[in-house]
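A.B. asks: Pasting a structure here, questions to come.
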Amino acid sequence: MPKSVRIDKYLWAVRVYKTRTQATEACRKGKVTVDDIPAKPSRMVTAGDVIQVKKMPIVYSYQVVDPIEKRVGAKIVEQFVKNVTPQEELRKLEMQDDFFTRRDSGAGRPTKKERRLLDDLQDQ
């Protein structure tokens with residue numbers, strides 16, 4: 001096993017993102033930090049590093065247990081990463097109001113302007 005691995009590969013391997021391209025984009029957009037420092041996709045992570053990933057509405061925190069490069073099955077992900085997200089952040093999911101993503105019955109499709117507003121809200 002490697003002692004360090006690129007952060008974009010690691011986030012893909014432990015199933016934080018579905019594709020490595022998504023992981024790379026998140027790093028480039030500043031949505032990923034390692035020990036409170038913004039991470040570029042080529043940043044190397046080692047065991048013990050704490051990674052924070054902004055996926056609105058919350059910021060997930062993960063601790064690297066064992067850096068890996070190859071994607072693993074969902075059942076064994078816990079061997080390689082530990083979710084250390086604070087409870088306050090997880091409560092935001094429960095309290096999240098889906099007012100902006102839910103449309104009333106019969107309201108029809110959103111206009112182009114409404115669609116852009118929805119996309120902007122989801123990207124934050």
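The values are calculated or read from the model by the stated rules, or taken from the named source; none is laboratory data. Small disclaimer: the values here were computed from a predicted structure and weren't measured. FYI the Cβ positions are ideal-geometry reconstructions off the backbone, even for glycines, and counts take in every protein chain you see. The accessibility values were calculated without ligands, DNA or RNA, using every heavy atom of the protein model including side chains. Shrake-Rupley method; radii C 1.70, N 1.55, O 1.52, S 1.80 Å.
A.B. asks: Would you tally the residues in region 43-58 being within 16 Å of Val81 (Cα to Cα) and assigned to a strand (DSSP E or B)?
C.D. replies: Of the residues in that region, 7 qualify.
A.B. asks: Additional query: Of all residues in region 85-100 being in a loop (DSSP other than H, G, I, E, B) and at pLDDT 70 or above, which is most open to solvent (accessible area, probe 1.4 Å)?
C.D. replies: Pro86
A.B. asks: Could you grab me the full set of residues in region 7-28 that are open to solvent by less than 70 Å² (accessible area, probe 1.4 Å), touching a residue at least 24 places away in the same chain (Cβ under 8 Å) and closer than 22 Å to Pro57 by Cβ?
C.D. replies: Leu11, Val14, Val16, Ala26
A.B. asks: Every residue in region 38-58 that is closer than 24 Å to Leu90 by Cβ and modelled with pLDDT of 90 or more, please.
C.D. replies: Pro38, Ala39, Val45, Gly48, Asp49, Val50, Ile51, Gln52, Val53, Lys54
A.B. asks: Within region 59-76, how many residues turn out to be under 22 Å from Arg91 (Cα atoms) and in a loop (DSSP other than H, G, I, E, B)?
C.D. replies: Qualifying residue count, region 59-76: 0.
A.B. asks: Six or more apart or on different chains, Cβ under 6 Å: which pairs go from a residue in region 35-58 that's within 19 Å of Gln122 (Cβ to Cβ) to one that's charged (D, E, K, R) and surrounded by fewer than 17 Cβ atoms within 10 Å (Cβ to Cβ)? Could you list them?
C.D. replies: Pro57/Lys92; Ile58/Glu89; Ile58/Lys92
A.B. asks: Let me ask something additional. Say we look at region 29-82 and pick out the residues that are open to solvent by 50 Å² or more (accessible area, probe 1.4 Å) and touching a Pro at 6+ places or on another chain (Cβ under 8 Å); which of these is farthest from Arg6 (Cα to Cα)?
C.D. replies: Ala47
A.B. asks: Among (1) of a type in the set (Asp, Glu); (2) modelled with pLDDT under 90; (3) more than 30 Å from Asp120 (Cα to Cα), which single condition is Glu78 missing?
C.D. replies: Only one criterion in (1) of a type in the set (Asp, Glu); (2) modelled with pLDDT under 90; (3) more than 30 Å from Asp120 (Cα to Cα) is unmet by Glu78, namely (2).
A.B. asks: Filter region 44-70 down to residues that are more than 16 Å from the chain's Cα centre (by Cα) and among the basic types (Lys, Arg), then give me how many there are.
C.D. replies: Of the residues in that region, 1 qualify.
A.B. asks: With respect to the numbered conditions (1) within 11 Å of the chain's Cα centre (by Cα); (2) in a strand (DSSP E or B), which one is the sole condition not fulfilled by Ala23?
C.D. replies: So the condition that Ala23 fails would be (2).
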